[in-house]
Amino acid sequence: MTAIDETTYDPERAGRLLRAECDALVPLLRAAPDDAYAIRTCCPGWTVRHVIAHCGSALMRVVEGRFEEGVFSPECNERDIAERAGWSHARVVDELEHAMTEAGPVLAAAKGYLDGVALGEWVHAGDVREAWGKPGAYGGDGLDDALALLEQFSRSAHAASPLPLHADLDGRDEPLTLGPADGKRPPARYIGDAPTLIRLIAGRPLAGTRYELAGATEKELALFG
């Protein structure tokens, strides 16, 4: 991973993002009827139930320090989901709530190495809202922390496509700069709102959005492999 900028890095950011998302998402999950968990999400092959089981299991691996070979691979994710197939919805949500609450100190101690996990969990919370037609998908109270983590993640070895990007976001005075500043390629330019940028970066559906993009294709912006 690229060395973090110690002058701007906040070790509490990833945990703070998860706690804020926990406060918003868990009540929504607990109030949902059982059949809502069977609704398909934008993640291929995954229902809401699958997404929640994945998020809880992935974060529990962080909390418990279980990082065996192949961790977080598609095969590992599917095994974790399958292990929870017999659990009630309430138990799956309980695990997620516990993990989102407890992961912060572990993430802080990792000094940025695991922050991408928190960002991915936050995006998945947006996937659930999107599937249920709820407002705030890929936005909400944690957006500022999510954008800061995105900026950091885009310069890490874990980013699938480290494309330099200059993003002018609606309602924000300072641009967001993603990817390496190594001069190998002129930065692409994005103009639009922050949730739509998250959709582009995460490869989520773009129907109904408005934005301008120059110097890159949509596929080139995908940072999650």
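Listed conditions (1) surrounded by fewer than 17 Cβ atoms within 10 Å (Cβ to Cβ); (2) under 12 Å from the mean Cα position of the chain (by Cα); (3) not hydrophobic (A, V, I, L, M, F, W, C) are all met by Asp141, apart from (2). Assessment of the range 195-208 against the conditions (within 25 Å of Leu25 (Cβ to Cβ), among the charged types (D, E, K, R) and in the same structural domain as Ala32 (by the TED database)) yields no matching residue.
Among the residues of the range 64-84, those that are in contact with a helix residue (DSSP H, G or I) (Cβ under 8 Å, 6 or more places away or on another chain), farther than 26 Å from Arg13 by Cβ and modelled with pLDDT of 95 or more comprise Ile81, Glu83, Arg84.
The residue list Tyr9, Tyr37 contains one member that is closer than 21 Å to Leu107 by Cβ and open to solvent by less than 80 Å² (accessible area, probe 1.4 Å), which is Tyr9. In this entry, Cys22 is excluded by the filter for residues that are touching a residue at least 60 places away in the same chain (Cβ under 8 Å), part of a loop (DSSP other than H, G, I, E, B), over 30 Å from Ala181 (Cα atoms) and out of contact with any Gly (no Cβ under 9 Å at 6 or more places or on another chain).
Is it the case that Glu69 is assigned to a loop (DSSP other than H, G, I, E, B), in the same structural domain as Leu107 (by the TED database) and not basic (Lys, Arg)? Lay out the reasoning, then the answer.
Working: assigned to a loop (DSSP other than H, G, I, E, B): yes; in the same structural domain as Leu107 (by the TED database): yes; not basic (Lys, Arg): yes.
The answer is yes for Glu69.
When Pro105 is tested against (1) of a type outside the set (Phe, Trp, Tyr); (2) outside any strand (DSSP E or B); (3) open to solvent by less than 70 Å² (accessible area, probe 1.4 Å); (4) at pLDDT 95 or above, exactly one condition is not met: (3).
As a summary of the residue check, Gly136 satisfies the conditions (1) part of a helix (DSSP H, G or I); (2) surrounded by fewer than 20 Cβ atoms within 10 Å (Cβ to Cβ) except for the one numbered (1). Within the option set Ala90, Ala85, Ala32, Ala99, being in contact with a Phe, Trp or Tyr (Cβ under 9 Å, 6 or more places away or on another chain) and small (Gly, Ala, Ser) holds for one residue only, Ala32.
The values are calculated or read from the model by the stated rules, or taken from the named source; none is laboratory data. Note that the coordinates shown come from a computational prediction; the quantities given were computed from them, not determined experimentally. FYI the Cβ positions are ideal-geometry reconstructions off the backbone, even for glycines, and counts take in every protein chain you see. Surface accessibility is based on the protein's heavy atoms, side chains included, excluding ligands, DNA and RNA. Shrake-Rupley method; radii C 1.70, N 1.55, O 1.52, S 1.80 Å.
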